[in-house]
Amino acid sequence: MDRKKWIIIGAAAVAFGGVLSLVQDGDDSTDKPTATKSATATTDPADTPSTTPSKPPTGTGVPTPDTAQRAALISALTAVDTGLVTKEDRAVSRARSTCLDIKQGKEASAVQSNTKQRFEGGTVPSLSDDQAAAIVAAVKSSFCS
């Protein structure tokens with residue numbers, strides 16, 4: 001084969017691989033192996049250590065703070081570190097993720113660790129364990145009881 005044909009075949013393979021990965025990443029159909037689903041269904045999420053905190057999926061029953069609760073949450077987070085509320089919507093979203101951990105019955109140490117990971121970065125490069133505990137307390141007292 002000449003060089004032109006190899007380039008065309010290579011480009012087609014890359015394009016096909018990209019499309020295939022997009023389809024697989026976004027596919028929530030029932031074509032996935034049943035063994036994976038049943039293994040997931042029998043595993044208690046509280047028993048599995050979480051390496052990356054998750055966002056609360058839609059329809060999980062995780063409360064969204066009303067106006068007064070949001071103000072209380074923002075005030076409590078500001079008391080911990082003003083950088084936590086640079087983007088209030090993001091702070092509330094992260095607080096809801098912490099609430100999800102609480103509602104799922106995760107151990108207090110896991111909730112605190114996940115919260116620390118969620119809120120660190122950007123304007124708050126690092127948080128102490130005490131600050132993470134204060135954030136969890138703020139979430140509980142403001143809207144996640």
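Read-outs: derived from the displayed coordinates by stated rules, not from any lab. What you are looking at is a predicted structure, and each value in this text was computed from that prediction instead of being measured. Ideal geometry is used to build each Cβ from the backbone, glycine not excepted, and the neighbour counts take in all protein chains shown.
Structure above, values below:
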quantity	calculated
Sorted by Cβ density within 10 Å, fewest first, the residues Asp101, Asp130	Asp130, Asp101
Table column - 3J(HN,Hα) (Hz), the stretch 95-109, Karplus curve with 6.51, -1.76, 1.60, x for Gly and Pro	5, 5, 5, 5, 4, 4, 4, 5, 5, 7, x, 5, 4, 4, 5
Order of Arg118, Arg70 under a 10 Å beta carbon neighbour criterion, fewest first	Arg70, Arg118
Fewest-first ranking of Ser113, Ser126, Ser142, Ser93, using other Cβ atoms within 10 Å as the exposure measure	Ser126, Ser93, Ser113, Ser142
Estimated FRET transfer efficiency (Arg90, Ala137; beta-carbon r; R0 35 Å; 0.05)	0.95
Cα-centre dipole for the stretch 55-142 with unit charges at Cβ (Lys and Arg positive, Asp and Glu negative), debye to 20	280
Hydrodynamic radius of the stretch 55-142 per Kirkwood, over alpha carbon pairs, in Å	12.7
